[in-house]
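Asker: Next up is a structure, given as structure tokens.
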Amino acid sequence: MLRKGEAETEREALRRELWRALVDRVFAQTRMSETSKDIFLRLVEEEAPVAALAAEYMTTPNAIYRLKNRMTAKIREAWLAAAGPDGDLADALEALAKELV
């Protein structure tokens, strides 16, 4: 049996795995560029400043915000489709695993 701290760590690892699977799935389905994926991940996971990303990738802050909003909505849709009506993390991982096989 897992102790509380171990269970939380395992649950967090599952969340990260699910997050990455959802991001990969959504970006593959939308045929977004690797650059867009890099920008999105740096913005969301690393909390990189929008202005810095816009300058680095020679785009506008507005384009960065639009990318984030569009992809967040698509990831939310993918989560709801995978997790089912009760939003179960295990069900979502199982559904995504079946798709990847």
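Asker: Identify, please: which residue in segment 53-68 is among the hydrophobic types (A, V, I, L, M, F, W, C) and loosely packed, with under 15 Cβ neighbours inside 10 Å and is, among those, farthest from Ser33 (Cα to Cα)?
Answerer: Across segment 53-68, the extreme among qualifying residues is Ala55.
Asker: Quickly run through segment 16-37 and pick out the residues that are more than 16 Å from Thr72 (Cβ to Cβ) and of a type in the set (D, E, K, R).
Answerer: Residues satisfying the conditions are Arg16, Glu17, Arg31, Glu34.
Asker: Under the condition of being of a type in the set (Phe, Trp, Tyr) and modelled with pLDDT of 95 or more, which residue from segment 41-89 is nearest to Leu22 (Cα to Cα)?
Answerer: So the residue we want is Tyr65.
The values are calculated or read from the model by the stated rules, or taken from the named source; none is laboratory data. These numbers were taken from a predicted model, which means no experiment stands behind them. Every residue, glycine among them, receives a Cβ derived from its backbone with ideal geometry; neighbour counts consider all protein chains shown.
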